[in-house]
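Note sheet for the following structure.
The values are calculated or read from the model by the stated rules, or taken from the named source; none is laboratory data. Remember, it's a predicted structure, so these values are computed and weren't measured experimentally. Note: ideal-geometry Cβ built from the backbone for every residue, glycine included; neighbour counts use all protein chains shown. Just so you know, the surface numbers come from the protein's heavy atoms only, side chains and all, with ligands and any DNA or RNA stripped out. Shrake-Rupley method; radii C 1.70, N 1.55, O 1.52, S 1.80 Å.
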Amino acid sequence: MILLKNPIMKVKLSTIRLKLSSFLISSLLFLIISLITGYVFPCNAKNYTTDFPFSPGEKLTFKLKWCLIPAGEAVLEVLPIENISGIKAYHFVLTVKTNQFFDTIYKVRDRIDSYTDIDMTRSILYKKMQAGRKHKRDVVVSFNWDKNEAQYSNFGRKRMPVSLLPGSFDPLSIFYYSRICDFKEKFILQRPVTDGKKCVIGRGEVIKRETIKLKSEKYDTHLLEPELKNLSGVFRKSKNATIKIWLTADKRKIPVRIKSKVVVGSFVAELVAAEGVAK
């Protein structure tokens, strides 16, 4: 059992405002950048849905840790294809929740829904629901491609629309887009991303190919690292912040480990279950 008398925890836990959803979302995809904003990934993406390494039914479950302490769970899912305003769309979902222990410190119950066109060329709709103890949001980002604008609202209160760059994705769908890319060492990824507040171009690099071990299983992976200059929050406040993401070096490109080091400590997400993945 973990005691709050531990001096490190006593100092840290009251101040870190453990944004596990931000960590996942900004890490998981160098990319997912829910409270933050994005990255970019230019790649030779395939233009045929039959070639995509994911499909409805895929479900990836991750265990989250902060400084080696179990903190919660995150789940990435591909739900059945839907029709959004007359457009056939992929539906991606990310849910994040803290465990019973961390609920007493910083409760997180977040859900992000992302919709893209069926050819994975751009986002159509983005939603973010936060229902934790301290932060509550009901965000909707609507994409108007006739005007090349994205409209952000929170609990119905709208901000000024932002201009979209061609082929912009939201912070969650950019992860799935990156899985279409052909990775190789020193490959630079880039793509416009928007959270509805701004639209940016960022960069990420495939650093190397590496075999890692999780529990009793070994994985052949590509190690990716993003630029952090466009990130805000705890990443901007951390002088030597890093994010590292290991994805399987096969056509599926499944994330198996994410590590992030910031001023309030280190975060780790590791894959513990994968359902409905491509063979």
With all protein chains present and a 1.4 Å probe, the order of E227, E217 from largest accessible area down is E217, E227
At 1.4 Å probe size, with no ligands or nucleic acids counted, give the accessible surface of S142 in Å², nearest ten. 50
Order V256, V140, most accessible first, counting only protein heavy atoms with a 1.4 angstrom probe. V140, V256
Taking 7 Å along the Cα-to-C-beta vector as the label spot, tell me the K65-N154 distance in nanometres, rounded to one decimal. 3.3
Output wanted: per-residue J couplings in Hz (rounded whole) for segment 174-191, from phi through Karplus 6.51 cos²θ - 1.76 cosθ + 1.60, θ = phi - 60°, x for Gly and Pro. 4, 4, 5, 4, 4, 6, 7, 6, 8, 7, 7, 4, 6, 6, 9, 9, 7, 6
Interchain or long-range residues, amide H under 5 Å from G196's placed H: none
In the full protein assembly as shown, how much of V206 is accessible to a 1.4 Å probe, in Å² to the nearest 10? 0
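Going down the table (K198/K251; K215/K244; K136/K208; K127/K208; K97/K213), which pairs top 27 Å between alpha carbons?
Numbers: K198/K251 31 Å; K215/K244 19 Å; K136/K208 39 Å; K127/K208 34 Å; K97/K213 25 Å.
As for pairs spanning more than 27 Å Cα to Cα, those are K198/K251; K136/K208; K127/K208.
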Mind pulling the per residue volume of the convex hull built on the Cα atoms of segment 156-219? Å³ is fine. 128
With every protein chain kept in the model, how would you rank H135, H91 by accessible area, 1.4 Å probe, largest at the top? H135, H91
